[in-house]
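A short worksheet on the structure shown next.
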Amino acid sequence: MTDRTVLSELDILRALKRIAHEILEANSGPENLLIVGIPTRGAPLAERISKILKEIEPGHSFESGVLDITLYRDDQDAASRQLGHTSIPVSGVHDKTVVLVDDVLFSGRTIRAALDALTEFGRPRQVKLAVLVDRGHRELPIRPDFVGKNLPTAISEHVAVNLVEIDGVDQVVISE
Amino acid sequence: MPIILKNLTLADGSRSDIRIEGDTIVEMGTISGSGIDCDSLIGLPGFVDPHTHLREPGFEASETVLSGSRAAAAGGYTAVCAMANTLPVADTAEIVDAVLDAGAEAGYCQVQPIGAVTNDLAGKQLSEISQMHQSRANVKMFSDDGICVSDPALMQEALAQVKVFGGVIAQHAQDPERTQGAQMNAGALAIELGLTGWPRLAEEDIIARDALLAEQTGARLHICHLTTAGGVEVVRWAKQRGITITAEVTPHHLLLTEELVRSYDPVYKVNPPLRTDADTKALIAGVLDGTIDVLGTDHAPHSAEKKEAEWGHAAFGMLGLETAASILHQVLAGTGSLTWQLFEQLISSRPAALTGLSDHGQLAVGRKANITVFNPHEDLAASTISQSLSSNNPYAGMVFKGRVQHTLYNGIFTVRDQKLQELK
Amino acid sequence: MKHLVSIKDLNIDSAISLLASSQELALVNQRQVKKLPTLRGKTVVNLFYENSTRTRISFEIAAKRLSADVINFDASTSSLSKGESLKDTALTLEALGADVIVMRHPMSGAAQRLASSDWIRGSVINAGDGSHEHPTQALLDALTMQQRLDLGSNFKGLKVLIVGDILHSRVARSNIFLLKLLGAEVSVAGPETLVPIEISKLGVTVHHDFDQALADQPNVVMMLRVQAERMSKDLFPSASSYVKFWSLGGHRLAGLGPEVVIMHPGPMNRGFEISAEAADDPRSAVLQQVTNGLAVRMAVLQTTLSGGN
Ligand SMILES: [Zn+2]
């Protein structure tokens, strides 16, 4: 088993900053944005992106939320999962640009489930996807709008995103 | 052609060969000539079970006289006493004679019918006790086993009747009033499991009452399947008082405890119920000090549908014949006080005396060749037992020390080299 | 977790996790869109050998909210099951493709018997077995306590008093097992015939005087339903003396602190074990218990049906 660190703490910070800038650019400004993290590690990433956005646009408040997708997965038989917390701001998703945030984009099934889960809260104007790492091997026609790092991997490899809020350290590691 | 068993160790520790001609032991001691080598094996009088349920007539899907006698032979038994709770109940001379004949026809062991104490086990009026005694089956032991003879007047009358010919009443001690709907031993575990408890007192005070009735009548009283520490004490007291009382314990009450009920697997549902660790210890102490006289299997086969059910719906009872000797050996060995003499008394000579089976229970020249050769060096995996028609075996997965090597019934091998023989 | 037949199937982590999932589902249930796709294509059978419309409906709505197909098999009246053994009914349900059997049965241990048999491949959820257990009731009660008293996952120091026929109550047993697991202190109160002293071996304090039990200042007072069918038996006091000694109302209600939570598993016998006044008191959590029942049963269904069984 060999571990390879592919993103350091600094790399992650840079990637998130770049994503934040790209979000503003694509949205032509800070209006009507809602950053929604997918648990577990998408949630702190969404919070960090909101914070960076605030630093870029200090006069503006950015809303963020958390969207648990456990009940919407298409692989209920595969693993037993405790439900995560969902919190969408009271102003809702209607007519907003929702940016879904996750740590790793792989098969695309999580995002499919997230799109279903989001529907229950209303009809966003558009939905974008931001991921820290895109490791390929998609099984569904889903593509990210904002990517921290494209990371070609073998299917047998394991990509672990560690974040200070959960794991005590910021790093992305590939192991065999 | 005579059979010679060579180099047996007898219960008293002495070494002996045994020569059998026809159905009789004709010579013991050192015998010249070759034979079946039994070096390091124990030669015992054939085992006698005072308490078996053969289920025929009436419940032939669970067991028949033939299948039950095969199981008995496999377990080293040369005689079994068949309980009366068949359908019809063994409460007349005709029925006990029919069971006797079925046993002779099967040929694997002597099948001695036990007569019912009351008609149809209803506890209302006494059965044809003296006719059953005078029948070909020559019944000497009577029991309503499965049900308690709870009416004291009736019990006293039954004792008085069997006293006339030296018979014995075998009591299933269970006060029906206090065990209505009872499912397991009463106590903290029953409360935890939400099952109706079976108070130990409901067993113990029947034993005490009947001991006093036996004293009053001077008749012989036998207590079936003792299960509680208190019951052992009552019997001990009665014996000290000089009352003619004998007591029996089953292999399962020596070995298993109520903890097994946690599984709600009805294979552990039995009447009387499995009790606690303290009770098994008291029972073993009673065996060692002679308070408990005999081992009785209470072999109680039930067809699958009676056990493949909810605990509350399932029937009471477990298999016992094929594992009893191995369990007794293991339990006695576990105390560190195993003697082959005590083993022989518990499983052969005392039950033979209790039930009046004079062709069993003793190895001597001139007597019927009813012999069991026990191998204390090899294990018995309980899951391998196979002779009963039923499979309610609570010991599956367990392995016991010691097993039956050969069984000879009236000079014929029913088990040879651990294999049940097919008789013509 | 493949089956939930007893609280003993849980450890502290899985219990807390189930409660957390239930809490999330309680929030989901407040949304406009109440249908979730989680159990699409799964078949849930409610196999009830005892009538209990409340529990059956709760499981039915829970399963339907998760998009499962639900079949109600009322074995207490169904001609389909007349005289049929549990084994044969189970084999039939297995052949019909049941993924979960939710079973209510009058005999203790029936759910465990089914779960440990090889008659079915699916999951078993115990919806009450005899006097033994009713695990989803205990979970919904614990969830209600968490919400009312803002406990989070810390039940240490919580004092719960359960009052009534403890001996025959599956609700009491499951609550005792779960609350003890979570670290709460449990005491029970009732007449000696219905609260035998051996119950203390379950790790609870036994009272035979309601007022003395209340003097210990429990945070939660849980009243058990009096089973009318038991009233005829001599272990039960007369109706009027039961009300006098064991009913929650009048001076006992007045004496309860403002933060005390009154609970009852329902259906209530108003004016009997609980006064109408107590049932409708703001401190009563009875309807919240019903609402939480739905969330807990959804969580249990989701948990037993996921996890690569
Ligand atoms: Zn008996």
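The values are calculated or read from the model by the stated rules, or taken from the named source; none is laboratory data. Here the structure is a predicted model, which means the values were calculated and not measured. When we count neighbours, we look across all protein chains shown, and the Cβ atoms used for this are built from the backbone with ideal geometry, even at glycine. SASA here: full protein model, heavy atoms, side chains in, ligands and nucleic acids out. Shrake-Rupley method; radii C 1.70, N 1.55, O 1.52, S 1.80 Å.
Remarks
- Taking strands (runs of 3 or more DSSP E) as the structural unit, those lying wholly within the stretch C:202-309 and holding at least 2 residues that are under 17 Å from the mean Cα position of the chain (by Cα) and in contact (Cβ under 8 Å) with a residue 12 or more places away in the chain correspond to C:220-223, C:261-263.
- Verdict on A:F121 being aromatic (F, W, Y) and either within 12 Å of another protein chain (Cβ to nearest Cβ) or touching a Leu at 6+ places or on another chain (Cβ under 6 Å) (or both): yes
- Residues satisfying the stated conditions in the stretch B:38-86, i.e. charged (D, E, K, R) and open to solvent by 10 Å² or more (accessible area, probe 1.4 Å): B:D39, B:R55, B:E56, B:E60, B:R70
- Among residues of the stretch B:65-83 that are within 14 Å of chain C (Cβ to nearest Cβ), none has a beta-carbon under 6 Å from a residue that is within 16 Å of the ligand (Cβ to nearest atom) and open to solvent by 10 Å² or more (accessible area, probe 1.4 Å) at least six positions away or on a different chain.
- Here the strands (runs of 3 or more DSSP E) wholly within the stretch B:12-75 that include at least 2 residues being within 16 Å of the ligand (Cβ to nearest atom) and under 30 Å from B:S388 (Cα atoms) are B:47-52.
- Test for B:I147: is it within 15 Å of the ligand (Cβ to nearest atom) and open to solvent by 50 Å² or more (accessible area, probe 1.4 Å): yes
- Considering the stretch A:68-101, the residues that are touching a helix residue (DSSP H, G or I) at 6+ places or on another chain (Cβ under 8 Å) and more than 12 Å from chain C (Cβ to nearest Cβ) include one that is surrounded by the fewest Cβ atoms within 10 Å (Cβ to Cβ), namely A:V93.
- Across the stretch B:122-144, the number of residues qualifying as touching a residue at least 60 places away in the same chain (Cβ under 8 Å) and within 16 Å of the ligand (Cβ to nearest atom) comes to 3.
- Residues (of a type outside the set (D, E, K, R), assigned to a loop (DSSP other than H, G, I, E, B) and either surrounded by fewer than 17 Cβ atoms within 10 Å (Cβ to Cβ) or within 14 Å of another protein chain (Cβ to nearest Cβ) (or both)) located in the stretch C:188-201: C:G190, C:T193, C:L194, C:V195, C:P196
- Positions within the stretch B:345-402 being in contact (Cβ under 8 Å) with a residue 60 or more places away in the chain, among the β-branched types (V, I, T) and in contact with an Asp or Glu (Cβ under 8 Å, 6 or more places away or on another chain), in sequence order: B:V365, B:I385
- So B:V111, is it in contact with a Cys (Cβ under 9 Å, 6 or more places away or on another chain) and either open to solvent by less than 20 Å² (accessible area, probe 1.4 Å) or away from the ligand (no atom under 16 Å from the Cβ) (or both): yes
- Conditions (1) within 12 Å of another protein chain (Cβ to nearest Cβ); (2) closer than 30 Å to B:R262 by Cα; (3) free of Cβ contacts under 8 Å to residues at least 12 places away in the same chain: number failed by C:A95: (1)
- Residue within the stretch C:176-199 that is among the hydroxyl-bearing types (S, T, Y) and within 26 Å of C:A111 (Cβ to Cβ) present: no
- Subset of the stretch C:19-41 that is more than 8 Å from chain A (Cβ to nearest Cβ) and assigned to a helix (DSSP H, G or I) - its residue that is most open to solvent (accessible area, probe 1.4 Å): C:Q23
- Which numbered condition C:Q112 misses (of (1) of a type in the set (S, T, N, Q); (2) farther than 21 Å from B:K306 by Cα; (3) touching a residue at least 60 places away in the same chain (Cβ under 8 Å)): (2)
- Out of C:L140, C:L114, one residue alone is crowded, with 24+ Cβ neighbours inside 10 Å and either away from every other protein chain (no Cβ under 12 Å) or among the hydroxyl-bearing types (S, T, Y) (or both). It is C:L140.
- Qualifying residue in the stretch C:148-161 (condition: assigned to a strand (DSSP E or B), within 11 Å of chain B (Cβ to nearest Cβ), surrounded by 19 or more Cβ atoms within 10 Å (Cβ to Cβ) and of a type outside the set (V, I, T)): no
- Filter result for the condition that a residue is more than 14 Å from every other protein chain (Cβ to nearest Cβ), under 24 Å from C:L202 (Cβ atoms) and open to solvent by less than 20 Å² (accessible area, probe 1.4 Å), over B:T227, B:T179: B:T179
- Top-ranked residue in the stretch C:49-70 [being at pLDDT 95 or above and among the β-branched types (V, I, T); ranked as surrounded by the most Cβ atoms within 10 Å (Cβ to Cβ)]: C:T55
- Some residue of the stretch B:319-328 being open to solvent by less than 10 Å² (accessible area, probe 1.4 Å) and polar (S, T, N, Q): yes
- Pairing residues of the stretch B:280-304 that are open to solvent by 10 Å² or more (accessible area, probe 1.4 Å) with residues that are within 14 Å of the ligand (Cβ to nearest atom) and at pLDDT below 95, at Cβ distances under 7 Å and at least 6 apart in sequence or on separate chains, gives no pairs at all.
Residues are listed down the side, and each one gets a yes or a no for (1) touching a Lys or Arg at 6+ places or on another chain (Cβ under 8 Å); (2) of a type in the set (D, E); (3) in a loop (DSSP other than H, G, I, E, B); (4) open to solvent by less than 20 Å² (accessible area, probe 1.4 Å):
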residue: A:L13; (1), (2), (3), (4): no, no, no, no
residue: A:I19; (1), (2), (3), (4): no, no, no, yes
residue: A:E47; (1), (2), (3), (4): no, yes, no, no
residue: A:K51; (1), (2), (3), (4): no, no, no, no
